[in-house]
Amino acid sequence: MGTRMQARLAYFGVGVLAGVGAGAGYWRVYKQLELSDSLESRHKNTELPLEQRVFKYGRPESPFSSRTYTSHSVLYDHVHKVPLWSAEVITPQGISGPAKRGNSRFQPDPTILTRFSSGNADYLKSGWSRGHMTPAADCKHCQSAMDDSHYLTNIVPQDFNNNSGYWNRLEMFCRDLAEKYPAVYVTSGPLYLPSPSLDDGGKKFVKYQVIGAGKVAVPTHLYKVILAETDDSSDPASQPPPSLGVFVVPNKPLGDEELTSFQTTLTELETLCGISFHSKLDRSNVSDLCKTDKCKLMTTLELKQFVYSLRLGRAKSEEQIGEILDEAKKEGLERDSVIAQSAAQQGNKLNTSATNGS
DNA sequence: CGGCATTGACAT
DNA sequence: ATGTCAATGCCG
């Protein structure tokens with residue numbers, strides 16, 4: 001305490017020598033010293049451990065614990081108002097079922113304090129869509145899972161075209177994997193990656209838009225970690241290695257880019273987002289998903305055909321069917337292919353309702 | 001499959 | 001007047 005006073009006196013001395021504010025300055029510094037002395041003498045708990053002293057009025061709290069819902073788990077980012085990650089395990093049973101998307105609505109997660117939560121108003125007319133991280137289509141097993149997936153803790157602002165296009169096809173790819181592997185573990189989330197500034201000498205900046213009154217962050221990229229189990233038998237040593245695929249996809253309109261062009265390593269992703277994934281996984285014993293599998297997404301044209309076949313299934317009149325088929329043909333689709341796929345979808349629908357119904 | 005906008009009923 | 005909700009139709 002003596003040394004601090006000396007320091008102040010020394011500073012005062014320099015001030016006087018410099019001739020700054022002679023009279024009034026002297027008085028001000030004198031009063032300040034007097035005040036400091038009395039404050040120091042009034043702080044009596046200097047003998048307590050620092051832990052007790054600095055957090056006397058409570059420790060800074062970031063409510064960073066994940067929450068598990070009916071069929072997915074989320075760690076929420078209270079700063080950006082989107083998930084940090086959303087995790088699920090896809091199985092054939094989980095992705096077929098009676099739950100309907102139309103019965104669920106996007107809504108704030110009731111477990112998040114309002115001032116930390118995004119709202120639908122932030123998204124509407126923002127120019128960005130509400131993109132599921134754990135997809136709604138993976139939550140068809142029961143309606144509560146479907147409802148949970150619509151909590152805004154599972155949603156990020158996503159480019160419309162990307163959401164219904166490339167990312168949609170990537171999600172379909174994951175569901176297809178679930179038909180080939182006993183279990184597919186998928187973790188998805190947003191990224192805010194630096195990019196070189198054109199008007200500032202190529203220096204790198206992290207730049208992202210925020211939308212709505214809640215200032216919800218629009219990620220520059222989205223990631224997906226896909227871990228496909230080849231065997232779920234009890235003895236891990238005898239199992240073939242699981243397949244791992246990690247992808248970082250820009251949050252913008254995309255076409256028929258190769259999925260492998262967005263592939264990266266798990267370690268690289270981890271350094272990008274500061275999160276460790278699958279800590280119990282033996283990384284020396286995993287195979288590249290894009291080697292064991294083709295990592296081929298449905299093409300944009302194939303998705304278009306898929307969409308038209310869905311519309312065909314909902315058509316209410318012969319006349320409407322004709323209109324849809326005409327329009328599909330203008331888009332470069334084969335009439336018979338659309339009809340055939342529509343029929344196949346109806347068949348699937350009957351099968352799933354038969355296995356889950358009555 | 002992925003979304004949005006409009007509408008009408010109802011409450012504030 | 002203004003906001004919420006669910007049903008419906010629309011588009012990519």
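Summary table below
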quantity	calculated
Residue check, A:L266 surrounded by 14 or more Cβ atoms within 10 Å (Cβ to Cβ), of a type in the set (A, V, I, L, M) and within 24 Å of A:L297 (Cβ to Cβ)	yes
3 or more residues within 8 Å of DNA strand B (Cβ to nearest atom): qualifying helices (runs of 4 or more DSSP H) within the range A:92-196	A:160-164, A:166-180
Selected residue (criterion: surrounded by the fewest Cβ atoms within 10 Å (Cβ to Cβ)) from residues of the range A:150-187 that are more than 15 Å from DNA strand C (Cβ to nearest atom) and of a type in the set (S, T, Y)	A:Y185
Test set (1) surrounded by fewer than 20 Cβ atoms within 10 Å (Cβ to Cβ); (2) without any contact (Cβ under 8 Å) to a residue 40 or more places away in the chain; (3) within 11 Å of DNA strand C (Cβ to nearest atom) - A:A136 fails condition number	(3)
Leading residue by the ranking (surrounded by the most Cβ atoms within 10 Å (Cβ to Cβ)) among those in the range A:296-329 that are more than 12 Å from DNA strand B (Cβ to nearest atom) and closer than 30 Å to A:S261 by Cβ	A:A328
Selection count, the range A:259-288, where residues are under 22 Å from the mean Cα position of the chain (by Cα) and of a type in the set (D, E)	2
Answer from A:V89, A:V74, A:V79 - the residue that is among the aliphatic types (A, V, I, L, M), surrounded by 22 or more Cβ atoms within 10 Å (Cβ to Cβ) and not in a helix (DSSP H, G or I)	A:V74
Residue in the range A:200-211 that is more than 16 Å from DNA strand C (Cβ to nearest atom), touching a residue at least 40 places away in the same chain (Cβ under 8 Å), over 28 Å from A:V79 (Cα atoms) and not in a helix (DSSP H, G or I) present	no
Any hit, the range A:289-297, residues being outside any helix (DSSP H, G or I) and under 20 Å from the mean Cα position of the chain (by Cα)	no
Test result for A:F247, touching a helix residue (DSSP H, G or I) at 6+ places or on another chain (Cβ under 7 Å), in contact (Cβ under 8 Å) with a residue 60 or more places away in the chain and farther than 20 Å from A:R169 by Cβ	no
Test for A:A344: is it at pLDDT below 85 and touching a helix residue (DSSP H, G or I) at 6+ places or on another chain (Cβ under 7 Å)	no
Residue check for A:V206: assigned by TED's automatic domain parsing to the domain that holds A:S287 and away from DNA strand B (no atom under 16 Å from the Cβ)	yes
Residues that are more than 14 Å from DNA strand C (Cβ to nearest atom) and in contact (Cβ under 8 Å) with a residue 12 or more places away in the chain, drawn from the range A:292-324	A:T292, A:D293, A:C295, A:K296
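The values are calculated or read from the model by the stated rules, or taken from the named source; none is laboratory data. All values derive from a computational prediction rather than experimental measurement. All Cβ positions, glycine included, derive from the backbone under ideal geometry; neighbour counts span all protein chains shown.
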